[in-house]
1. Is it true that some residue in segment 395-410 is outside any strand (DSSP E or B) and free of Cβ contacts under 8 Å to residues at least 60 places away in the same chain?
2. Among the residues of segment 165-187, which ones are under 23 Å from Asp101 (Cβ atoms) and either assigned to a loop (DSSP other than H, G, I, E, B) or not hydrophobic (A, V, I, L, M, F, W, C) (or both)?
3. For segment 135-147, check the following and say yes or no: at least one residue is basic (Lys, Arg) and either in a helix (DSSP H, G or I) or under 24 Å from Asp199 (Cα atoms) (or both).
4. Which residue, of Phe456, Phe426, Phe461, Phe471, is within 16 Å of ligand 1 (Cβ to nearest atom), within 22 Å of Thr255 (Cα to Cα) and of a type outside the set (S, T, N, Q)?
5. Could you list all residues from segment 169-220 that are polar (S, T, N, Q) and within 16 Å of ligand 1 (Cβ to nearest atom)?
6. Are any residues in segment 386-432 among the acidic types (Asp, Glu) and either under 26 Å from Asp532 (Cα atoms) or at pLDDT below 95 (or both), and if so, which ones?
7. What are the residues in segment 221-238 that are within 16 Å of ligand 1 (Cβ to nearest atom) and not aromatic (Phe, Trp, Tyr), if any?
8. Checking the structure you have, find out if any residue of segment 314-323 is away from ligand 2 (no atom under 16 Å from the Cβ), outside any loop (DSSP other than H, G, I, E, B), under 24 Å from the mean Cα position of the chain (by Cα) and loosely packed, with under 15 Cβ neighbours inside 10 Å.
Amino acid sequence: MNKIDLQKLEELNNQHAIKVVEEAIKLCKPAKVTVITDSKEDIAYVRELALVIGEENKLKMEGHTIHFDGYYDQARDKGHTKYLLSEEVNWGLGVNYIKKDKGLKEVNSFLDGSMAGKEMLVRFFSLGPTNSMFSLKALQITDSAYVAHSEDLLYRQGYEEFKKLNGSPDFFFFLHSAGRLENGVSKDIDKRRIYIDLDENRVYSVNNQYAGNSLGLKKLAFRLAIKKANEEEWLAEHMFIMGVHGPKDRVTYFTGAFPSACGKTSTAMIPGQSVVGDDIAYLKKINGIVRAANVENGIFGIIQDVNPQDDPLIYQALITPRELIFSNVLINDDIPYWLGIGKNVPDKGINHSGEWFKGKKDSEDNVIDCSHKNARYTIKLDALKNIDPKANDPSGVPVQAIIYGGRDSDTTIPVVESLSWSHGVFLGATVESETTSATIGAQGVRKHNPMANLDFISVPFKTYIENHLKFAQGLNDVPKIYATNYFLKDEPGNYLNSKLDKKVWLLWAEGRVHSEFETVETPVGLIPKYEDLKTLFIRELDKDYTEAEYIQQFSLRVLKYLEKMERMSKIFENIQMPAAFTEELKAQTERLRETRTKFGEEIISPFKFFDI
Ligand code: SPV
Ligand code: MN
């Protein structure tokens with residue numbers, strides 16, 4: 001490390017940070033170490049470096065670059081993402097772990113000399129807004145300028161924030177090496193490892209580049225944050241934050257957790273609303289109300305089906321000059337194309353498989369699409385016209401409602417309000433999503449994904465749910481909780497709702513927060529009244545919503561719901577759960593059984609609950 005870089009590090013006055021960097025240097029043996037501050041020059045240096053070392057290439061439009069991840073490095077590697085633990089644990093929903101000494105030995109052996117001949121970048125970030133009680137500090141060490149550049153777009157600068165630590169070792173740190181590169185991509189994918197050390201607030205990641213694996217600040221810091229949140233009694237959640245715009249300029253903030261392909265981004269981007277964040281939120285109780293802050297400052301979004309029709313605001317951001325990284329799309333004549341772009345795609349070019357032509361197959365005889373299904377764009381949040389004015393507010397935004405969104409074709413109604421906070425936690429903890437053609441494996445299989453957080457919960461499931469249950473205590477204003485399902489189908493398999501209908505569910509929920517609509521109580525929660533939906537459909541979508549549609553969509557499919565409760569009972573029978581949760585499951589099942597007996601029907605019209 002040269003004098004200037006050393007000085008930058010020493011100016012932080014943080015012995016722990018110095019020690020972490022020194023140890024990383026000793027282990028990875030880089031040819032050069034560069035410390036990046038919050039200065040424009042330093043940040044520009046990283047951007048340039050990504051081009052110089054070929055991890056990114058310039059595209060035709062000003063500021064746009066393309067990065068490719070290896071053909072087998074296109075998504076989070078769940079199998080090789082493990083917790084380093086000193087003893088075997090049972091967290092309830094399964095945990096991928098490795099004995100700490102064994103795991104450390106292995107990952108250290110892969111990191112040993114991994115930066116030989118390469119440049120190590122040392123970067124400081126803030127998770128959450130700066131100058132804020134939400135802010136957690138994070139130190140990223142990487143030999144990937146793509147990783148460091150992506151984090152520039154996605155997170156707030158934290159060099160100055162680190163100074164405010166006053167020497168405290170209370171920060172997360174991430175050591176990443178892309179390992180040996182071939183054509184700009186990680187070569188030793190069989191040695192890809194992501195090992196999380198919860199005790200030391202550190203994560204090691206090696207031989208990979210895909211952001212979900214490589215960027216410490218994203219899903220790796222998220223796991224460390226969940227543990228911290230549980231200890232300190234706040235929530236770290238896989239949630240968007242949005243402003244829902246009700247009548248007369250009223251803005252009501254919602255957070256929402258949806259497993260992939262359940263409508264998370266499309267909800268956050270509903271026309272007329274504003275976005276605070278699209279992936280990870282920290283929620284804290286401040287003076288009796290829940291406030292939430294976006295952990296990030298940018299979007300690492302799925303690009304498939306972003307087109308002028310379905311996603312006009314994101315599309316607009318992607319076709320105008322700005323700092324933007326495309327990953328794993330098709331490049332032809334320095335112009336990016338992707339699946340569902342809404343225009344003709346050339347039949348050749350370069351993509352994540354190298355030279356690509358229409359009909360190209362991989363070594364397992366699978367046809368390679370023009371772009372990967374998980375191809376992405378990385379932009380700053382302020383690239384979007386619908387960014388909420390409070391997106392960077394150090395005190396976050398007040399949260400008045402939480403949505404849990406699942407995906408199933410034959411059971412759950414489009415929108416329901418929970419009967420209570422603990423019933424709402426139950427709704428979140430029992431979210432299921434059916435696999436689609438966009439996911440790997442068989443289609444139509446239901447996967448249980450509590451709070452859309454299954455992959456990231458880093459504490460025993462009981463503890464995680466207890467923390468949620470407790471969170472409402474001491475609040476003056478308890479957020480309402482909703483469950484949505486945008487994917488209900490009729491017998492022949494047609495969707496019962498159009499893509500636009502979710503706007504009505506959302507605005508109904510917004511109105512409920514302000515006591516504008518009455519509800520009908522059913523065994524599964526509070527549902528909207530027909531008249532209110534009819535008014536909202538006309539007001540918001542200029543659409544005539546018929547009584548027949550209401551009956552079809554909001555009928556209680558009681559047998560199907562009972563089947564879901566059976567699936568849940570099976571899952572939870574072997575897990576120690578908080579009594580309040582077990583009660584909710586029992587009570588829910590009881591209410592469904594009684595209703596079935598009382599009406600003697602399998603599908604019960606919502607109108608039948610009106611007179612109870
Ligand atoms: C997700 O998969 O939930 C993402 C993308 O947000 S990743 O960075 O891979 O986690
Ligand atoms: Mn995510």
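The values are calculated or read from the model by the stated rules, or taken from the named source; none is laboratory data. Please read all numbers here as calculations on a predicted model, not as lab measurements. Virtual Cβ from ideal backbone geometry, glycine too; neighbours counted across all protein chains shown.
1. Here is the first cut: in segment 395-410, the residues outside any strand (DSSP E or B) are 395-396, 408-410.
After this cut, where a residue has to be free of Cβ contacts under 8 Å to residues at least 60 places away in the same chain as well, the list is none.
No: segment 395-410 contains no residue that is outside any strand (DSSP E or B) and free of Cβ contacts under 8 Å to residues at least 60 places away in the same chain.
2. The initial filter retains those residues of segment 165-187 that are under 23 Å from Asp101 (Cβ atoms), namely 169, 172-177, 179.
Within segment 165-187, Pro169, His176, Ser177, Gly179 meet the criteria.
3. Keep residues of segment 135-147 that are basic (Lys, Arg), which gives 137.
Retained after the next criterion (residues that are either in a helix (DSSP H, G or I) or under 24 Å from Asp199 (Cα atoms) (or both)): 137.
Looking through segment 135-147, at least one residue is basic (Lys, Arg) and either in a helix (DSSP H, G or I) or under 24 Å from Asp199 (Cα atoms) (or both).
4. Values: Phe426 fails: within 16 Å of ligand 1 (Cβ to nearest atom); Phe461 fails: within 16 Å of ligand 1 (Cβ to nearest atom); Phe471 fails: within 16 Å of ligand 1 (Cβ to nearest atom).
Exactly one residue qualifies, and that residue is Phe456.
5. Taking segment 169-220 and keeping what is polar (S, T, N, Q), we get 177, 183, 186, 201, 205, 207-209, 213-214.
Within segment 169-220, Ser186, Ser205, Asn208, Gln209, Asn213, Ser214 qualify.
6. So in segment 386-432, the residues among the acidic types (Asp, Glu) come out as 388, 393, 408, 410, 417, 432.
Correct list: Asp408, Asp410, Glu417.
7. Here is the first cut: in segment 221-238, the ones within 16 Å of ligand 1 (Cβ to nearest atom) are 221-226, 236-238.
Correct list: Ala221, Arg223, Leu224, Ala225, Ile226, Ala236, Glu237, His238.
8. Yes: segment 314-323 contains one or more residues that are away from ligand 2 (no atom under 16 Å from the Cβ), outside any loop (DSSP other than H, G, I, E, B), under 24 Å from the mean Cα position of the chain (by Cα) and loosely packed, with under 15 Cβ neighbours inside 10 Å.
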